[in-house]
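What follows is a single structure, written as structure tokens, with notes after it.
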Amino acid sequence: MRLNATGRILHDPKGGSFRFDAGAVCLDFAHTGGEGRYAIFESLHEPADLAEWLAQPPLAVVMTATVTARELAAAKTLRQAIWDAAHARASGRPLPKEAVATINRAASAAPPVPELADDGITAGWAPPVRATQALSALARETIELLSGPFAGRIRECAGDNCPLVFVDTSRPGARRWCAMERCGNRHKLRALRARQALEP
């Protein structure tokens, strides 16, 4: 499993941004937008947005076939399934059957095929490279995460009203925040103010 995700910059519609590393590419993908109240965070508006996201490291799957509207819709369905499954695992609930079925269906497609370049040193993906293949890779990583040794380390941020989920890959397993610069600092500031309020 690709637990060396480099993370992404998340933007708040109310202003500001911060770096968030979910610990797995599939969870980074789960935070690209959403449904209902999370629709304001949507970043995959057009098929080209999906192609751009998939082409970024560490996944780095550059499409050679144009991403279709149908693939974008499938990506959003998979994204919601990953979100739902990760939150269920983080809270100790059974995984939603619909989410499991969606993840399994996406994983059943062939993933991208690695290919060694003519120089014998660099590698890429054998064409044609389609979004469906990249989504399969994300679904397969999700399966590995949910069934592997880090399944018990999927956490929801401890910040107030922060729904971000991540894999706690820290050695002691003590990560609490989506990012120290965001929810961690907010918590420290609230604790400081509470202590100051108690001082005579």
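Across the range 118-131, which residue is nearest to ALA158 (Cα to Cα) among those that are open to solvent by less than 40 Å² (accessible area, probe 1.4 Å) and in contact with a strand residue (DSSP E or B) (Cβ under 7 Å, 6 or more places away or on another chain)?
Filtering the range 118-131 for residues that are open to solvent by less than 40 Å² (accessible area, probe 1.4 Å) and in contact with a strand residue (DSSP E or B) (Cβ under 7 Å, 6 or more places away or on another chain), the one nearest to ALA158 (Cα to Cα) comes out as GLY124.
Could you check the range 1-15 and list, in sequence order, the residues that are surrounded by fewer than 10 Cβ atoms within 10 Å (Cβ to Cβ) and either in a strand (DSSP E or B) or at pLDDT 75 or above (or both)?
Result: ILE9, single match.
Here are some conditions: (1) among the β-branched types (Val, Ile, Thr); (2) assigned to a loop (DSSP other than H, G, I, E, B); (3) over 16 Å from ALA60 (Cβ atoms). VAL129 meets all but one. Which one does it not meet?
It is condition (3) that VAL129 fails.
What is the residue count in the range 13-71 for residues that are free of Cβ contacts under 8 Å to residues at least 60 places away in the same chain, of a type in the set (Val, Ile, Thr) and within 29 Å of ALA126 (Cβ to Cβ)?
2
So which residues in the range 84-111 are assigned to a loop (DSSP other than H, G, I, E, B), touching a Ser or Thr at 6+ places or on another chain (Cβ under 8 Å) and open to solvent by less than 50 Å² (accessible area, probe 1.4 Å)?
ALA109, PRO111
Going through LEU50, LEU138, LEU145, LEU54 one at a time, which residue ends up being touching a Cys at 6+ places or on another chain (Cβ under 6 Å), assigned to a helix (DSSP H, G or I), open to solvent by less than 20 Å² (accessible area, probe 1.4 Å) and not charged (D, E, K, R)?
LEU138
The values are calculated or read from the model by the stated rules, or taken from the named source; none is laboratory data. Remember, predicted model here, so these are calculated numbers, not experimental data. Because the Cβ atoms are built from the backbone with ideal geometry, glycine has one as well, and the counts that use them run over all protein chains shown. With ligands, DNA and RNA removed, areas are computed over all heavy atoms of the protein, side chains included. Shrake-Rupley method; radii C 1.70, N 1.55, O 1.52, S 1.80 Å.
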